[in-house]
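What follows draws every value from the coordinates through simple rules; no lab data is involved. Everything quoted here is computed from the prediction, not taken from an experiment. All Cβ positions, even for glycine, are placed from backbone atoms using ideal geometry, and neighbour counts span all protein chains on display.
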Amino acid sequence: MFNDIGPLELVTLVVLAVLVFGPEKLPKVIQDVMRTVRKIREFSESAKEDIRSELGPEFKDFEFEDLNPKTFIRKQLDNDELGLKEIRNGFDLKKEMAEVTDAVHSRDTDSPSSSSSSSSGSAGSSGGRVDMTKKPEEDDRPPFDADAT
C-alpha cells in the first residue's frame, strides 16, 4: 500500500504523530486507524466477491488488478497467442546498429580509395581530403539550377 514511502519519510511521520497526538494518546490513535483500515479492506473484499458472483462463471478468472492499464498491457504482451515474443526477440538492435555502422564506414573507406585513384594521388597524399584548389572535371560539376539560387 505504501511502497513508495522511504525510511526518512516514515521517521518524519512518526515524529509528527507523536507531536500532534502526544505519547499518551498515540497507541489509541494507532489502534483506531488500524481498525478502520481493516474495515475498509473487509468492505473492499466483500464488494469484489459480490461483483465476481454477479458476473457469473465465465468471469471466474477475472482479477481487478487487470483493470490497471499497465498490468493489462503487460499481461496482453506476455500472452504468446499473438507471437509477440517471437517478434520482440527477432529484433536485435545491437546487430542492426553494427550493420549500419559497418555500412557507413565501408562507404567512407570506399570513397577515398576511388577518389585517390581518379585524382592521380593528390587526394591520397592529403589524407582523403578533397583538394579545393583544383578545378573539378566537367563530369564532377553538379548541374546549375537557376531557380535554386
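Overview of results
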item	result
Per-pair calculated FRET efficiency, R0 = 35 Å: Leu13 and Arg74 via Cβ, rounded to 0.05	0.65
Lys94 versus Arg52: modelled label distance in nm, points set 7 Å from Cα along the beta carbon direction	4.4
Which listed pairs, of Lys48/Lys70; Lys48/Lys75; Lys28/Lys70, have C-alpha distances above 28 Å, in listed order	Lys28/Lys70
Gain in span if fully extended, Phe64 to Phe21, counting 0.36 nm per residue against the direct Cα distance	11.8 nm
Two-site FRET efficiency, Glu86 against Arg38, from Cβ-Cβ distance with R₀ of 41 Å, rounded to 0.05	0.30
